[in-house]
1. Is the stretch A:45-55 home to any residue that is surrounded by fewer than 21 Cβ atoms within 10 Å (Cβ to Cβ) and within 7 Å of another protein chain (Cβ to nearest Cβ)?
2. Out of B:R226, B:R255, which single residue is surrounded by fewer than 23 Cβ atoms within 10 Å (Cβ to Cβ) and touching a helix residue (DSSP H, G or I) at 6+ places or on another chain (Cβ under 6 Å)?
3. For residues that are over 28 Å from B:L57 (Cβ atoms) and free of Cβ contacts under 8 Å to residues at least 40 places away in the same chain, scanning just the stretch B:229-247, find the one that is least open to solvent (accessible area, probe 1.4 Å).
4. Out of A:G199, A:G164, A:G186, report the one residue that is open to solvent by less than 40 Å² (accessible area, probe 1.4 Å), part of a loop (DSSP other than H, G, I, E, B) and either in contact (Cβ under 8 Å) with a residue 12 or more places away in the chain or within 20 Å of A:E219 (Cβ to Cβ) (or both).
5. So how many residues does the stretch B:168-180 have that are assigned to a loop (DSSP other than H, G, I, E, B) and within 18 Å of the chain's Cα centre (by Cα)?
6. Confirm whether A:A17 is at pLDDT 85 or above, away from DNA strand D (no atom under 16 Å from the Cβ) and assigned to a loop (DSSP other than H, G, I, E, B).
7. For the stretch A:63-76, check the following and say yes or no: at least one residue is among the basic types (K, R) and away from every other protein chain (no Cβ under 11 Å).
8. Just one of the numbered conditions (1) at the interface with another protein chain (Cβ under 9 Å from one of its Cβ atoms); (2) modelled with pLDDT under 90 is not true of A:G153; which one?
2 protein chains.
Amino acid sequence: MSRNAPGEPGDGPQEDAPEGAPEDAADGARDRLAPVLRPVRTGNGFEEALEQILRVLRLGLVPAGERLPAERELAGRLGVSRVTLREVLRVLHEEGLVTSRRGRYGGTFVLPRAEAGGTRDAGGAAELRRRTASVDLEDVLRFREVLEVGAAGLCAAQGLDGAGAARLRAALAGTRDTPPGGYRRGDTLLHLTLAELSGSPTLAAQYAAVRATLNDLLECIPLLVRNLEHSQRQHTALVEAVLDRNPEAARERMREHCAGTAALLRGFLA
Amino acid sequence: MSRNAPGEPGDGPQEDAPEGAPEDAADGARDRLAPVLRPVRTGNGFEEALEQILRVLRLGLVPAGERLPAERELAGRLGVSRVTLREVLRVLHEEGLVTSRRGRYGGTFVLPRAEAGGTRDAGGAAELRRRTASVDLEDVLRFREVLEVGAAGLCAAQGLDGAGAARLRAALAGTRDTPPGGYRRGDTLLHLTLAELSGSPTLAAQYAAVRATLNDLLECIPLLVRNLEHSQRQHTALVEAVLDRNPEAARERMREHCAGTAALLRGFLA
DNA sequence: GCCCTAAGGTATGGCGTTGGACCATTGCCT
DNA sequence: AGGCAATGGTCCAACGCCATACCTTAGGGC
């Protein structure tokens with residue numbers, strides 16, 4: 001659905017492409033083109049905008065009770081017209097995810113998930129299952145690990161300035177004192193912070209996309225206390241390695257951390 | 001221009017975000033949203049399709065003299081209508097990049113770059129300069145290294161099947177016996193092959209995008225024979241490490257390889 | 001208490017894109 | 001030689017999205 005989201009497993013036949021004469025490669029070249037020739041602008045702009053806003057909500061970037069940016073700004077940021085954006089917000093309102101207030105200091109506010117009535121759950125769950133089924137799990141897990149390990153390595157290698165280090169520490173702290181059930185939001189924010197601090201906006205954006213997909217998948221499996229504690233230790237060690245400017249250690253910590261999640265997901269979903 | 005291409009350096013103010021009260025984070029949250037709230041569908045579909053085809057040409061995925069996929073297939077793959085695609089091809093034809101032949105076994109063929117007359121060079125060079133200026137060099141280099149190192153690590157860690165190993169060896173060989181001036185095409189194909197073999201289609205697609213940007217940048221700097229020989233040795237060592245299923249070595253080789261290119265580009269463009 | 005401002009709510013004309021159908025051309029195969 | 005099939009070339013009605021302007025609501029400041 002989203003162009004950013006990894007997807008479309010097995011998009012075409014995966015021939016061996018035995019590197020024949022480069023001249024008759026008309027058919028052999030077709031596979032080569034696969035990574036580049038992907039659908040431009042999948043679906044209508046409405047769906048893409050919806051996906052983006054949903055991503056913001058799923059990542060917990062705007063917690064319940066908080067306000068989304070104003071319609072005009074949001075539309076501008078997403079590159080769609082306000083009409084289209086409003087269509088998106090209307091859907092989200094019908095799903096019980098947001099509510100709008102007029103007047104100055106009004107806006108569109110995020111509702112707590114629990115408030116969602118029957119309609120949302122039915123549609124949401126179906127949507128989730130549909131989305132989950134269409135995702136290439138291995139693709140997601142591999143890509144995620146590459147980005148995460150890369151981000152950790154970059155942060156550790158180049159070092160963080162004072163503000164960056166503070167943000168990272170704050171994000172780590174945010175994973176501890178967290179409301180029950182809000183752990184994954186803290187976890188997401190910590191990893192996203194690291195991605196942002198890597199100094200590559202593209203990396204951060206790609207990570208946000210893949211993380212949203214990952215969160216969908218994680219919602220399908222139970223949250224185990226043991227894993228949680230384990231994760232916490234790993235997070236601490238990871239942040240330490242980054243702040244110590246030890247790239248090898250940071251990468252290795254992150255690799256282990258990702259491997260844990262990956263094993264969990266493979267076990268529950270494979 | 002392309003949503004996949006890294007870009008838009010410094011999209012907004014980078015406040016410290018001192019993790020204040022989460023409730024008044026209305027303004028503080030804005031920065032958090034930056035990675036997610038990127039323009040959906042930058043520009044019209046026409047421009048995106050043009051970008052994709054240009055990417056195919058710049059990456060050398062379809063060498064001069066070869067045929068692009070048929071219009072109907074290309075349009076289908078890119079997710080645009082045939083009318084729009086034809087508009088793109090018309091522009092490329094006017095720029096002297098491709099030519100079309102009707103009838104069965106006809107199609108749209110790629111022309112050698114040298115054939116380009118005055119019009120193309122003028123427009124092309126201007127376009128290149130514009131694009132180059134708008135690219136965040138550090139973003140590109142960092143993201144590229146992350147993807148490359150990740151791909152190398154994945155390939156080495158999971159091992160390649162017979163066909164994969166053969167493809168990799170063939171791609172390596174393709175960097176040696178190459179027509180003069182065609183070295184970068186071989187280099188691109190080798191790296192792209194590795195990305196494809198990583199088992200993450202998303203990674204491959206992202207690499208293709210960033211590599212296209214990188215190739216644009218590389219065209220601004222001279223090709224040094226010493227670097228070329230050095231690259232060749234690194235390529236050989238890299239492929240060896242991958243085929244030996246030695247992830248650490250593969251990652252390290254790739255890291256060195258990327259560092260070389262990065263230093264070169266920083267030196268010439270910084 | 002008035003007015004200004006920032007926010008959501010609404011309506012309209014225009015342009016790009018789509019999907020389909022059809023024609024024109026060319027080379028291979030029977 | 002004829003037909004077939006794959007390809008580029010052309011046209012058109014319908015739809016979606018966009019840009020823009022304007023209205024309505026509500027809170028704060030003078």
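1. Within the stretch A:45-55 (the criterion being surrounded by fewer than 21 Cβ atoms within 10 Å (Cβ to Cβ) and within 7 Å of another protein chain (Cβ to nearest Cβ)), the answer is yes, since at least one residue qualifies.
2. B:R255
3. B:A237
4. On inspection, the qualifying residue turns out to be A:G199.
5. Number of matching residues: 1.
6. Judged against the criteria, A:A17 is not a match.
7. Checking the stretch A:63-76: at least one residue is among the basic types (K, R) and away from every other protein chain (no Cβ under 11 Å).
8. Among (1) at the interface with another protein chain (Cβ under 9 Å from one of its Cβ atoms); (2) modelled with pLDDT under 90, A:G153 violates only (2).
The values are calculated or read from the model by the stated rules, or taken from the named source; none is laboratory data. Just so it is clear, the structure is predicted and the values come from calculations on it, not from any experiment. When we count neighbours, we look across all protein chains shown, and the Cβ atoms used for this are built from the backbone with ideal geometry, even at glycine. Surface accessibility is based on the protein's heavy atoms, side chains included, excluding ligands, DNA and RNA. Shrake-Rupley method; radii C 1.70, N 1.55, O 1.52, S 1.80 Å.
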